[in-house]
1. Can you bin the range 254-395 into rounded, prolate or oblate? Criterion: square roots of the alpha carbon gyration tensor eigenvalues sorted a ≥ b ≥ c, rounded for a/c under 1.5, prolate for a/b above b/c, oblate for the rest.
2. Using the Kirkwood formula over every pair of different C-alpha atoms, what hydrodynamic radius in Å results for the range 461-560?
3. With a 1.4 Å probe and all protein chains left in place, how much accessible area per residue does the range 130-174 have, in Å²?
4. What order, most packed first, do the peptides 293-302, 381-390, 337-346 have when packing is the mean number of other Cβ atoms within 10 Å of each residue?
5. Roughly how many percent of the accessible protein surface of the range 529-600 is carbon and sulfur, given a 1.4 Å probe and a whole-percent answer?
6. Would you tell me the accessible area of Arg514, worked out with a 1.4 angstrom probe on the heavy atoms of the protein chains, in Å² to the nearest 10?
7. For Arg335, Arg244, write out the residues from largest to smallest accessible area, computed with a 1.4 angstrom probe and no ligands counted.
8. Quantify, in whole percent, the carbon and sulfur part of the accessible surface of the range 472-527 (1.4 Å probe; protein heavy atoms only).
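The values are calculated or read from the model by the stated rules, or taken from the named source; none is laboratory data. Keep in mind the model is a prediction, meaning the values are calculated, not measured. For neighbour counting, all protein chains shown are included, and Cβ atoms are generated from backbone atoms with ideal geometry for every residue, glycine included. Note: areas computed on protein heavy atoms with side chains; ligands, DNA, RNA excluded. Shrake-Rupley method; radii C 1.70, N 1.55, O 1.52, S 1.80 Å.
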Amino acid sequence: MKTSEQRMQAIRQRADERRIKRKKGIRIAVAAATSMSLVLAFALVLFVPYSTALPDLSAYRGSEYYSLMQQLNALTYTPSAYHNNFEAWFGDALNKTEDDDMGAATPESPATDSEDTEVTDNQVAGVLEGDLFKRTDSHIFYLCADSTNTRILLFSYSIDGAQSEQTGLLSISPDDGTYFYMYADYYPEFYLDEDGGTVTIFVPVWVNEHGQMYTAVISVDVSDPAGMCETGRLYVSGNYVSSRMVDGDFLLISNFGVRRNPDFGDEAQFLPQVGVPGALESLPMSGIICPDTASAARYTVIVRLGEGLRVEGQLAFLSSSQEVYVSQENIFVTRGYTANTQTDGYEVRTARTRISCVSYAGEGLALSGSADVAGSVLDQYSMDEADGMLRVVTTLSSSAVRTSTAGGDVGAQIVSAQENAALYVIDLADFSLRASLENFAPEGEEVTSVRFDADLAWVCTARVVELTDPVFRIDLSDLDDITWTDTGTIEGYSTSLVDFTDGTLLGIGYGEYRGLKVEVYDRDGNSVVSVAVYERSTASFSRQYKAYYIDRENGLVGLHVYDWSGKFNGYVLLHFNGYELKEVCALALTSNAPDLTRATIVDGWLYVLSPHDNMAVWQLSAQEAPAA
């Protein structure tokens, strides 16, 4: 029998065991609750949906750019491709294939006392255009990329007939953290000043720090063609579009695209800037034009540069711009867009173009006004200013679209589509429409080339897939009674029209089988007729207008022809003698880049320059071509 002490000890022991068991249960419960809380929190982190609302910009409310930021925010904000953190963290791993382990390839980064003698065939007298070559009376300068497409090479050659030779070479490298972008349409151009002592180069450049395209303006001293040296550099936001030089000032046009989801705390990401590396300055809000209908986060940037690359004026147009024309007093900037209307259950989509006029006649730059026309503008040659009027040729384009929601997906079906051509005359006094000529081409044809010559407009239209076209001669001498004549349908079509010798028109483009076709047109009574044709089958050829040599006085035209079959690669010079186009010479070349070839004639000698070729020279006889 247990004593009272033993019974008490047993009671205390059982109580202690129950107490320990109860504490253990509490600990387990607490641990379980904690674990569940962590699981729930982790689940919230993984599976709570991402917000699709626009980023909050209230922190920038006091900025002069706040309204612009709001526009850009709506145009550039792109929600995450993932719905939550689980997809973002593990989605790629769950969808991984064997090929993913192989790794991805890293993309490659893309003289003397002489005065200048202008060799580029400029659209407007007194408004000089950049090119790949310029010359003085003693030297020719030529610009190209090196064989690796990473550096700019500026060559100088003496002008001395058969004794001509290379006199100098300057290799220009990009700044650290940048690389020159010299591909296809992204290619540098340069100017030579009146004294022939300074070259100014405009080149597209990629800046790694900002992850964006800029235009670098590089000044080079060429007063000693054998010892050329760089003297300065300036950067402007945006890829190089075009430029002009007027009375020693430069007008630079670039296109600056704002990337997706920019950091609005970094002005370089969303504002056009000008300056030297490390000291770029943003354009003020007063210099940025923001249309309410802006549909793209891109600017057309216009900068006026004076002596020493000093900034004398700057403007930027928000939304996309395609083509720029510069007259003797104004810069015309185009912005294409689509106007949508509802008709009989269909959505009608019509191409339109907004043309803004910027005056540079005085100091700086000033927005004069704008006008709106139907259709789209092909290129700078589709516009021309004369007697206070802007004449512009467009391709009219519209389509009727029916939308459907079959299967829950929204789709669009084009019910009908139309194309034609139009010419509009805008009075620059008030930017009103003064006159127009619409639908003058066969239905379904688009504008392929345009040239204005005083009161005449020459327009080539074509149904490109069929390789046929008419050429129109439009008389604008009486804007109340615009008349026109045409050639009728002919084989091929012109990609470039050129006012030529003795009032004729020169067309360069494709023949019946997509070979080269050079054709001369003339007026015969009330019609336009073809009077001479030169053709080369299976040939690729220069398509850049500046790559053509044009001598109107002597009826000469030259261009680089490249035959893919290997039969011929070289420069062809043609002479129009009034009734036929005769081949004067065919000078062999090794370059396969016809658009980068340039040529000029000096004192009866033909000088041809092309990438990776030394300058080629050919002597012309008096019988082959009249003295220039």
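1. Oblate shape, in that a/c is at least 1.5 and b/c is the bigger or equal ratio.
2. Details: mean 1/r = 0.0702 Å⁻¹.
Mean inverse Cα-Cα distance, inverted, gives 14.2 Å.
3. Details: 1550 Å² over 45 residues.
Per-residue accessible area for the range 130-174 comes out at 35 Å².
4. On the way: 293-302: 21.2, 381-390: 18.5, 337-346: 11.2.
The densest-packed peptide leads the list: 293-302, 381-390, 337-346.
5. Values: 1430 of 3000 Å².
Answer for the range 529-600 is 48 percent, counting heavy atoms of protein chains only.
6. My reading of the accessible area for Arg514 is about 110 Å².
7. Working: Arg335 30, Arg244 5 Å².
Solvent-accessible surface, decreasing: Arg335, Arg244.
8. Working: 860 of 2350 Å².
Answer for the range 472-527 is 36 percent, counting heavy atoms of protein chains only.
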